[in-house]
Amino acid sequence: MELYKQIPLYRFLALCNESGMEKTILDCGAGGDSPPLSLFSNYGYSTNGIEMNVEQIERANQFATERGQNLNIQQGDMRQLAISAESMSFVYSYNSIFHMRKQDVKKAINEMKRVLKPNGLLFVNFLTLKDFRVGDGVDLGDNQFEQMEDDELVIHSYYDYHEADSMFDDLQLIYKEDRVLERKFEGEWIRQGFIDYIYKK
């Protein structure tokens, strides 16, 4: 069985498997050259993905095609999901939702909660103030910055430990982890900070 680099999603997959819910899942920010929806597809999930960037959709589709999968990734905006309310058992956004301003993050979270079935599970993670990039680039206020990533100008929003909690007041917290990792990237040691949440509706 293939191993995927999005390690925190294995915990989410295990909880989804144990839930007894119908295996329908939505990935908000589903593109890229190693789409985690492929992992869920391997475990018999009916997969759905939303991604803004056409190039990233093509990369994900190429990965899936090589493995005989159809991940059903559509171009779309997680702030306005073209998906019916309470239609997905599981929803997640991995390393994706913080690429927008905090007011838009809130809109996206509300949409993810809307499409989630009662008793369904939600995984989402945020960048934290422990990240090495905090303060770089154009300061947009409230720990939001325009920064260069892969030769593109992107927004990164950074959160402190409790800042995002209030967006999930209507859900039940299952799991929260404050992660700091150090790794070599292009020959330099970098420090990344994340908070992972898993909630039940």
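The values are calculated or read from the model by the stated rules, or taken from the named source; none is laboratory data. None of the values given here were measured: they were computed from a predicted structure. Heads up, the Cβs are rebuilt from the backbone with ideal geometry, glycines too, and the neighbour counts pull from every protein chain shown.
I'd like the full set of residues that are of a type in the set (Ser, Thr, Tyr) and either at pLDDT 95 or above or within 24 Å of GLN80 (Cβ to Cβ) (or both), limited to the range 2-33. Scanning the range 2-33 gives TYR10, SER19, THR24.
Report yes if some residue within the range 86-104 is of a type in the set (Phe, Trp, Tyr), within 21 Å of ILE7 (Cβ to Cβ) and part of a strand (DSSP E or B); otherwise report no.
Quick first cut of the range 86-104, residues of a type in the set (Phe, Trp, Tyr) only: 90, 92, 94, 98.
Then drop every residue that is not within 21 Å of ILE7 (Cβ to Cβ), which leaves 90, 92, 94, 98.
Keeping just the survivors that are part of a strand (DSSP E or B) gives 90, 92.
Yes, there is a match, as at least one residue in the range 86-104 is of a type in the set (Phe, Trp, Tyr), within 21 Å of ILE7 (Cβ to Cβ) and part of a strand (DSSP E or B).
Here the range 120-166 is the region considered, the condition is being closer than 28 Å to SER89 by Cα and of a type in the set (S, T, N, Q), and the residue that is surrounded by the fewest Cβ atoms within 10 Å (Cβ to Cβ) is SER166. Considering only residues of the range 178-201 that are among the basic types (Lys, Arg) and touching a Gly at 6+ places or on another chain (Cβ under 8 Å), which is surrounded by the fewest Cβ atoms within 10 Å (Cβ to Cβ)? Among those that are among the basic types (Lys, Arg) and touching a Gly at 6+ places or on another chain (Cβ under 8 Å), it is ARG179.
Is there a residue in the range 19-42 that is of a type in the set (Ser, Thr, Tyr), part of a helix (DSSP H, G or I) and more than 30 Å from TYR158 (Cβ to Cβ)? So far as the range 19-42 goes, yes, one or more of its residues are of a type in the set (Ser, Thr, Tyr), part of a helix (DSSP H, G or I) and more than 30 Å from TYR158 (Cβ to Cβ). For the range 167-177, residues that are acidic (Asp, Glu), touching a residue at least 12 places away in the same chain (Cβ under 8 Å) and loosely packed, with under 12 Cβ neighbours inside 10 Å total 1.
Using the structure shown, decide if PHE98 is under 16 Å from MET78 (Cβ atoms), surrounded by 12 or more Cβ atoms within 10 Å (Cβ to Cβ) and modelled with pLDDT of 95 or more. Yes, satisfied.
Of all the numbered requirements in (1) surrounded by 21 or more Cβ atoms within 10 Å (Cβ to Cβ); (2) of a type outside the set (D, E, K, R); (3) without any contact (Cβ under 8 Å) to a residue 60 or more places away in the chain; (4) assigned to a helix (DSSP H, G or I), GLN56 misses one, and that requirement is (1).
Can you find even one residue in the range 156-168 that is among the polar types (S, T, N, Q), within 24 Å of MET52 (Cα to Cα) and touching a Gly at 6+ places or on another chain (Cβ under 9 Å)? Spell out how you get there, then give the answer.
Initially, the range 156-168 is screened for residues among the polar types (S, T, N, Q), giving 157, 166.
From the residues that got through so far, the ones that are within 24 Å of MET52 (Cα to Cα) too are 157.
Retained after the next criterion (residues that are touching a Gly at 6+ places or on another chain (Cβ under 9 Å)): none.
No.
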